[in-house]
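This report refers to the structure that appears directly beneath it.
The values are calculated or read from the model by the stated rules, or taken from the named source; none is laboratory data. Just so it is clear, the model here is predicted, and its values are computed rather than measured. Every residue, glycine as well, gets a Cβ built from its backbone with ideal geometry; the counts of neighbours run over all protein chains shown. Side chains are part of the model used for accessible areas, which takes the heavy atoms of the whole protein and leaves out ligands, DNA and RNA. Shrake-Rupley method; radii C 1.70, N 1.55, O 1.52, S 1.80 Å.
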Amino acid sequence: MFSKSLQYNLLSLINIAISFVFIIFLGRKFGAGSDTDVYFVSIAIVGYLGILSQCAWGAMSPYYAKLKVENLHLASKLYSVLLNNVIIVSFIEILLYFLITNKFRVISPENKEFLDVFIYYLVLQSIILFNKSLLNLEKHFAVFYLVDIFITSINLIVLLFFSKGNIIVIAYSTISAAALAIIWQLYLVFFKLKYRYILSIYQKDMPNIYRNSIKMNIGLLLYGFKDIILVSVFTSFGSGVYSLFSYANKFSVALFQITNAPIVNIYVAKLNEIIANKKFYEIKGLRRDVIIQTVLLLVIGFIVLYFTLPYILNLFFKGKFSFEEINLIQHIFKYMALFYFMVALSNPYSKAISIFKLFNYYLFVNFVFFVLVALSYFVFKIYYLDYIYVLLLFSFAQFSNLLLYYMKNNQFLRIKQELMFQ
């Protein structure tokens with residue numbers, strides 16, 4: 001498992017490196033101002049809306065894994081049914097977006113001009129995420145990274161040679177690259193896995209998948225609300241501040257993905273197999289190995305990056321950021337590192353909760369997180385706090401998630417092992 005993780009760590013590193021090159025040239029060309037604010041805010045909004053489309057398929061992995069063992073034809077049909085549902089839900093969201101934003105001024109005219117184009121990426125993003133999930137279950141782990149590498153590479157080429165100082169060009173290039181990436185994913189599904197496309201929107205397992213996906217993704221919507229709050233918090237400090245937060249967050253997310261995502265992707269695939277074959281006694285050892293690997297890599301990475309970040313920013317952004325802005329990015333990075341450390345500890349437990357089909361509990365945990373995050377925002381507004389206090393409160397909310405997931409995992413496994421020995 002560890003040797004395979006290293007291979008995918010390398011792919012993840014390439015993915016992050018290309019993403020960073022893109023962010024570097026975005027910063028060099030546009031700095032930290034209204035253009036970059038528009039881009040980063042649109043990414044946050046489309047990402048949040050994308051959670052809604054996952055209500056059609058988010059809980060599919062245990063059902064798909066079971067069908068793969070019992071009936072390959074039904075597993076193939078389930079893919080087509082869920083793909084059709086993803087497309088339908090995504091287009092409904094786009095329609096609602098235009099109805100609401102044309103009738104009410106819920107976003108600024110500057111953001112709307114970019115988002116009116118970028119919103120179509122929602123349907124493509126939803127298909128890509130769905131295909132990634134299925135291909136990951138089929139052990140095509142590299143696809144998870146190669147798709148992102150391709151899309152970012154196209155965006156980088158467009159940024160360097162065709163943008164001409166107009167940020168909206170990036171919206172068009174993202175849509176075009178995503179469409180090409182989906183064609184490749186569908187090739188793998190229909191020609192490598194030899195699945196047949198079926199024009200259908202329903203199958204026997206669908207009510208359970210819908211119900212559990214809605215529970216799961218209401219939880220994700222509650223959890224993801226933190227990103228909308230962060231937009232509100234940082235944009236309230238003036239033009240460009242949200243962009244500075246986004247740059248700091250990009251470094252944090254990059255390191256988190258390099259050290260965490262490859263290991264956890266393999267862990268999820270193995271855990272699905274273990275559950276499908278009812279080998280519950282293997283879970284604790286598997287999870288222990290994942291936590292040791294991810295935490296060790298993450299702690300070392302965050303310490304090194306924190307102290308080298310000012311030099312990296314000066315080297316790559318070529319004076320686009322002032323001394324004060326660089327210090328601010330480093331300061332925010334420190335608090336985001338704490339948050340993602342809590343996420344890394346929580347991940348093996350939270351992934352298991354969905355695979356165990358404990359969707360009501362998953363919803364409960366994310367509701368607790370939402371309440372704590374919402375309280376943080378109200379405290380920020382009432383007492384005019386610095387944004388650092390908001391980030392600390394977010395880390396506390398994530399720590400509460402860790403405790404709740406840990407307790408439920410132990411309880412579930414204890415019950416399963418007791419039943420096995422009866």
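Say whether the condition of being over 30 Å from Glu418 (Cα atoms), open to solvent by 70 Å² or more (accessible area, probe 1.4 Å), touching a residue at least 60 places away in the same chain (Cβ under 8 Å) and assigned to a helix (DSSP H, G or I) is met by at least one residue in segment 305-328. Yes, segment 305-328 contains at least one residue that is over 30 Å from Glu418 (Cα atoms), open to solvent by 70 Å² or more (accessible area, probe 1.4 Å), touching a residue at least 60 places away in the same chain (Cβ under 8 Å) and assigned to a helix (DSSP H, G or I). In this structure, does Ser376 turn out to be open to solvent by less than 10 Å² (accessible area, probe 1.4 Å), within 23 Å of Asn217 (Cβ to Cβ) and over 19 Å from the mean Cα position of the chain (by Cα)? Yes: the conditions hold for Ser376. Check segment 246-260 and report whether any residue there is touching a residue at least 12 places away in the same chain (Cβ under 8 Å) and farther than 21 Å from Ser395 by Cα. Checked segment 246-260: no residue is touching a residue at least 12 places away in the same chain (Cβ under 8 Å) and farther than 21 Å from Ser395 by Cα.
Of the residues Leu52, Leu10, Leu67, the single one that is open to solvent by 20 Å² or more (accessible area, probe 1.4 Å), in contact (Cβ under 8 Å) with a residue 40 or more places away in the chain and not charged (D, E, K, R) is Leu52. Considering the conditions (1) closer than 22 Å to Ser200 by Cα; (2) open to solvent by less than 20 Å² (accessible area, probe 1.4 Å); (3) of a type outside the set (Asp, Glu), Ile88 is excluded by exactly one of them, (2). In segment 188-217, the residues that are in a helix (DSSP H, G or I) form Cβ pairs under 8 Å with partners that are surrounded by fewer than 16 Cβ atoms within 10 Å (Cβ to Cβ) and polar (S, T, N, Q), at six or more places apart or across chains, as follows: Lys215/Asn360. Using beta carbons and a limit of 8 Å, which pairs, at least six apart or on different chains, have the first residue in segment 384-406 and assigned to a helix (DSSP H, G or I) and the second one among the aromatic types (Phe, Trp, Tyr) and surrounded by fewer than 17 Cβ atoms within 10 Å (Cβ to Cβ)? Listed pairs, sorted by first residue: Tyr387/Phe237; Leu404/Phe364. Of the candidates Phe341, Phe356, Phe302, the single residue that is open to solvent by 50 Å² or more (accessible area, probe 1.4 Å) and either over 30 Å from Ile415 (Cβ atoms) or touching a residue at least 40 places away in the same chain (Cβ under 8 Å) (or both) is Phe341.
When Ile167, Ile209 are screened for being surrounded by 19 or more Cβ atoms within 10 Å (Cβ to Cβ) and within 22 Å of the chain's Cα centre (by Cα), only Ile209 passes. Restrict the check to segment 31-38 and report whether at least one residue is open to solvent by less than 40 Å² (accessible area, probe 1.4 Å) and over 15 Å from Phe245 (Cβ atoms). No: segment 31-38 contains no residue that is open to solvent by less than 40 Å² (accessible area, probe 1.4 Å) and over 15 Å from Phe245 (Cβ atoms). Among the residues of segment 3-41, just one is at pLDDT below 80, among the hydroxyl-bearing types (Ser, Thr, Tyr) and closer than 21 Å to Ile329 by Cβ, namely Ser34. Scanning segment 225-247 for residues that are small (Gly, Ala, Ser) and crowded, with 21+ Cβ neighbours inside 10 Å yields Ser243, Ser246. For segment 139-169, filtering for residues that are more than 26 Å from Tyr64 (Cβ to Cβ) and either among the small types (Gly, Ala, Ser) or out of contact with any Ser or Thr (no Cβ under 7 Å at 6 or more places or on another chain) (or both) leaves 13. In the set Ile266, Ile258, only one residue is in contact with a Leu (Cβ under 6 Å, 6 or more places away or on another chain) and in a helix (DSSP H, G or I); that residue is Ile258. Of all the criteria given as (1) within 23 Å of Leu244 (Cα to Cα); (2) modelled with pLDDT of 85 or more, the one not satisfied by Ile291 is (1).
Restricting the search to helices (runs of 4 or more DSSP H) fully inside segment 56-136 and requiring at least 3 residues that are under 30 Å from Glu273 (Cβ atoms) and under 22 Å from the mean Cα position of the chain (by Cα) gives 60-70, 72-103. Scanning segment 301-353 for residues that are of a type in the set (S, T, N, Q) and either touching a helix residue (DSSP H, G or I) at 6+ places or on another chain (Cβ under 6 Å) or farther than 23 Å from Ile388 by Cα (or both) returns Asn314, Gln330, Ser346, Asn347, Ser350.
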